[in-house]
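Working notes for the structure below.
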Amino acid sequence: MANIVVTGVDGSETATRAAQRAAEVAVAFQASLHIVSAYGPGEQRQLADGEGGRMVISLQDEAEGFVAEAAERVRAEISNLEVTTSVVNDTPADALVSEAERLDALLIVVGNKRVQGPTRILGSIARSVAANASCDIYVANTRPA
């Protein structure tokens, strides 16, 4: 098993908090950090081009921006941490699991973004990762302090 911690980002503040916690955990385990962002198969956005037309943007470009920004932020805060990134055409949970398996990761860190109410123990991504991961998972508290 490689000494790698995997986490995912989607541009949200909660994902940023989870990535920060993942970086702290990686330092504690003397591991490297791998940040992944997922975009769904065939996902695109259509935007007005200002001239009455529409232009289509692949969400792959957006996902690449998310991982680049997260990696830059982590590197600025923890200069001696090795950080790698990837962008995967898949659902967020499946992307985290597949990247962790590909890298033979030690741990996946997910946030508790959508955890609300006493009957919900884990959010949908965390629940799916927990059900399918071949390594340990850590659910980070990503609620604002």
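Amide H contacts for A38 (H built 1.01 Å from N in the peptide plane; partners 5 or more residues away or on another chain; cut-off under 5 Å): V9, V88.
Spin-label model, N80/R102: points 7 Å from Cα along the beta carbon direction are separated by 3.0 nm.
Readers should treat all values here as calculations from the given coordinates under stated rules, not as data from a laboratory. In this text the structure is predicted, and so the values were computed from the model without any measurement. Cβ coordinates were reconstructed from backbone atoms using ideal geometry, including for glycine residues, and neighbour counts include every protein chain displayed.
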